[in-house]
1. Using 25 Å as the Cα-Cα cut-off, could you pick out the over-long pairs in A:Lys118/A:Lys144; A:Lys179/B:Lys97; A:Lys4/A:Lys118; A:Lys72/A:Lys178; A:Lys184/B:Lys83?
2. With +1 on each Lys and Arg Cβ and -1 on each Asp and Glu Cβ, how big is the dipole of region A:114-221 about its Cα centre, in debye rounded to the nearest 20?
3. About its Cα centre, what dipole magnitude does region A:3-82 give when the only charges are +1 on Lys and Arg Cβ and -1 on Asp and Glu Cβ, stated in debye to the nearest 20?
4. If you count only protein heavy atoms with a 1.4 Å probe, what accessible area per residue comes out for region A:1-120, rounded to a whole Å²?
5. Give the peptides A:198-204, A:24-30, A:149-155 in descending order of average Cβ contacts within 10 Å, highest first.
6. Ignoring GluC sites (Glu not before Pro) that are buried or in helix or strand per DSSP, and keeping those with at most 10 other beta carbon atoms within 10 Å, what is the longest stretch of chain A between them?
7. Nearest 100 Å² is fine: how much accessible area is buried between A and B, summed over both sides, with a 1.4 Å probe?
8. Per the 1.4 Å probe, what fraction of the accessible area of region A:1-144, in percent, lies on carbon and sulfur atoms?
Amino acid sequence: MPEKIMAVVPAYNEERTIGAVVNDLIRHSIQVIVVDDGSDDNTYARALASGAVTLRHIVNLGQGAALSTGIKRALLMGGDIIVTFDADGQCRASDIDNLVSPILSEKADIVLGSRFLKENKIPFSRYLLLKLAILYTRFTTGLKLTDTHNGLRAFSRHVAEALSLTQPRMAHASEILKKIALNKWSFVEAPTTILYTPYSLSKGQSGWHGFKILFDLWFRK
Amino acid sequence: MSRIQIVLIIVIALMLMRVWLRYRSGVIVKSQFLWWAALWLSGGLVVVKPETVNRLADALGVGRGADVVIYGTIVLLFFLNFKLFSKLVKIENDIIKIVRELALKSQDDKRETE
């Protein structure tokens, strides 16, 4: 029996890209769950029209909370492998094959996407911020990773069940890594393509967000 | 009595009245009422008889009575701020639970009607 692969896409005000993202995933025969995180635009309708299972947070909670809701739905729908995917069009569905194969062959329970394992054009300000995040992760968790804040990840079902994220906003990325280190889950990294467009850059995280993430990490459980 | 004392006494009297009204209308419970009343009353005592804190200041080795009040107030504010922050995190977590439940629930409804 083929494993059921489900993609969870948290989306906040992504009406411009969500349709294309969902189509890209469906073309690769992946079932899609979009969590509209209280968007003010037509994200919900676009996602629904594109054929995704679409959930809606009635108010904006943050990416971490949206991911958690989506993962919960994916587990309820019987997903065997759960992939997290960005709604802003930065990720490629064609990378998912590489992402899920270590789980299918039982080499790892978690696969983390890494933009640094592949030739990617990364703007310098992002490069600097990402490298700082990598150092922070190495310092706080001991994990030696090449990319710590990549939206593309894959989890086996039993890890997804045990994950239970408490960080509602952007600190969830670090929280996931912390839990990997704590629970000693097996993981590998897989190269992924990241397309930086003016749109995705405007939606992305800047240096100031880094401080907000640290605040959440230190002062929220 | 100096002018500042009169102003502060009026302010404290108003605050005490507020606390009393909040208690009477059921917004705060008895223990909260007693805490806030004690806080404002001790403030009133310091305003009317500043020498009481001078004695405290001497006992603690702080120069002036007014400084003791300021230090104490800062500690109290930090404590209240921490309590408020913890409360906000709890409320946020509760909201997340509610919103998540609603999102998952409305999906179930949709599946049943399909």
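1. Result: A:Lys4/A:Lys118; A:Lys184/B:Lys83 exceed 25 Å.
2. Charge dipole of region A:114-221: 100 debye, to the nearest 20.
3. Using Cβ point charges on Lys, Arg, Asp and Glu, region A:3-82 gives about 200 debye.
4. Accessible area per residue: 40 Å².
5. A:149-155, A:24-30, A:198-204
6. A:1-105
7. Summing both sides, the interface buries roughly 1500 Å².
8. Ligands and nucleic acids excluded, carbon and sulfur reach 53 percent.
The values are calculated or read from the model by the stated rules, or taken from the named source; none is laboratory data. Remember, predicted model here, so these are calculated numbers, not experimental data. Note that we place each Cβ from the backbone using ideal geometry, even for glycine, and neighbour counts take in every protein chain shown. Ligands, DNA and RNA are excluded from the accessible area calculation, which covers all protein heavy atoms including side chains. Shrake-Rupley method; radii C 1.70, N 1.55, O 1.52, S 1.80 Å.
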